[in-house]
Structures are given as structure tokens and as C-alpha cells.
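Chemist: Structure provided below as C-alpha cells; questions to follow.
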Amino acid sequence: KEVRQFGFDISGFDVGYQAGDSLGVFPTNDPVALNAWLAATGMHGEHVVVVDGTEQTMRQALTSRYDFCRVTPDLLRFIAENSRDAKALRVQKDKLEKWLIGRNGIDLVQEFVVHADPSQWLEVLVRLTPRNYSISSSPLVSPHEVQLTVSVVRYRGSDGGQGLVLEARQQG
């Protein structure tokens, strides 16, 4: 198992931590993946959308607010209902699950043409959620550094590209 330890110097900030605390990481989408998703859907990154009552560009919303890679039942239904060539998505659940292995949301929109408004896409995409990692260091030993110990999980997309997910490693 591949394990990594990350340390964050917090000495320049007015923060502290104690045993049992966690560190929240707010993810953003990779610009290359975002450009691939925009190209596949025909969306313009500069189109203005409203997210949580605030106007922003589609590019900004997809960079920091929405997870366009996660395949959800809503995304599958939306693509199946709005694409003429989505026969592969209209099969029995076990066949669909087998077909989806190694595919993500970008793979689906690249394979199945869907013409939809930006607001329709934002209704079916899930939000990016912060990940909380248990702090593995002790404030008694390292009061100015927060350390995280994480396991690396690798996966391959249908294009053969490799992705990386960090998971918190349980201590003890």
C-alpha cells in the first residue's frame, strides 16, 4: 500500500489544533479535465450562471463548485433522456455497472452527445465536497505543524489516463 505523509506549517497563522481534530481540504477540478468536459458538452466557459445566489462563469462554477467526473444516477438518467445514442445506458443495472467500470462523467459526455443549457447541467451535477483528513501529528510534539498520513488510491480512466485519490489512513 502506498502511503504518504504531508506536513503543513501553521506557524504563520493564528490557529492551533488538538487531538481528534481534522483538516478540511476544499478540492478544485483540474483545468485540463474541465476543458475536456466543456468541449464535450459544447458549453462556453464564460457563460454566466447563478450558484448559491451569486453570478459566476460556468468555468468558475465547474472549477470549484461542481463534480463533473462523478457518475451519479441523476447524471446517467439525464444523459439517457437527452442523448439519442445512449443505448448503452438503457440496459439492466448489472450490465450498466459492468459497462461503467473505469468510466467517469467526462467519458460519458464525450461518448454521448447531449445538448442542454448550463442550468440543466448544474441541476444534475453533484457539488464538490470538502474532504476531512484526521490529523496524525500531536500538538504536544509539533505545535506549529499539522501532519496528515494518507493512502494513495490510483485508478485508470477509460482513456488509459491515470487518476489519483488520497484517502485518510486510520491510525491505531
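The values are calculated or read from the model by the stated rules, or taken from the named source; none is laboratory data. Keep in mind it's a predicted model, so treat the numbers as computed, not measured. Heads up, the Cβs are rebuilt from the backbone with ideal geometry, glycines too, and the neighbour counts pull from every protein chain shown. Just the protein is used for accessible areas: all its heavy atoms, side chains included, with ligands, DNA and RNA removed. Shrake-Rupley method; radii C 1.70, N 1.55, O 1.52, S 1.80 Å.
Chemist: Please identify, among 114, 15, 152, the residue showing maximal mean-square fluctuation in a Gaussian network model of the chain using a 10 angstrom Cα cutoff.
Modeler: In this elastic network of the chain, the residue with the biggest mean-square fluctuation among 114, 15, 152 is 15.
Chemist: For segment 6-99, which chymotrypsin sites (Phe, Trp or Tyr not before Pro) pass both filters: DSSP loop (anything but H, G, I, E, B) and at most 16 other C-beta atoms within 10 Å?
Modeler: 13
Chemist: Follow-up. Give me D for the chain in µm² s⁻¹, whole number, from Stokes-Einstein with Rh from the Kirkwood sum over alpha-carbon pairs, 4 °C and 1.567 mPa s.
Modeler: Result for D is 70 µm²/s.
Chemist: Please list, by residue number, every one of the trypsin sites (Lys or Arg not before Pro) in segment 1-88 that is coil in DSSP and has at most 15 other beta-carbon atoms within 10 Å.
Modeler: Hits after loop and neighbour filter: 1, 70, 84.
Chemist: Fully extended, how many nm does the chain gain between residue 2 and residue 87 (0.36 nm per residue separation, minus their Cα-Cα distance)?
Modeler: This chain segment gains 26.7 nm when fully extended.
Chemist: A follow-up question, please. What longest region of the chain stays clear of GluC sites (Glu not before Pro) that DSSP places outside H, G, I, E and B and that have at most 13 other Cβ atoms within 10 Å?
Modeler: Answer from the scan: 47-172.
Chemist: Right, something else. Under a 1.4 Å probe, what is the accessible area of segment 112-154 per residue, stated in Å²?
Modeler: Averaged over the residues of segment 112-154, the accessible area is 54 Å².
Chemist: State the percentage of accessible surface on the chain attributable to carbon and sulfur atoms; use a 1.4 Å probe and exclude ligands, DNA and RNA.
Modeler: 50
Chemist: If I model a spin label as a point 7 Å beyond the Cα along the Cα-Cβ vector, how far apart are those points for residue 14 and residue 26 in nm?
Modeler: 2.0
Chemist: What percent does the relative contact order of the chain come to when contacts are Cα pairs within less than 8 Å and at least six residues apart?
Modeler: With pairs under 8 Å counted, the relative contact order is 35 percent.
Chemist: Report ³J(HN,Hα) in whole Hz for each residue of segment 59-66, in order, from the Karplus equation J = 6.51 cos²θ - 1.76 cosθ + 1.60 where θ = phi - 60°; Gly and Pro get x.
Modeler: In residue order, the calculated couplings are 4, 4, 4, 6, 5, 10, 10, 10 Hz.
Chemist: Stretch residue 147-residue 44 to full length: gain in nm at 0.36 nm per residue minus the Cα-Cα span?
Modeler: 33.1 nm
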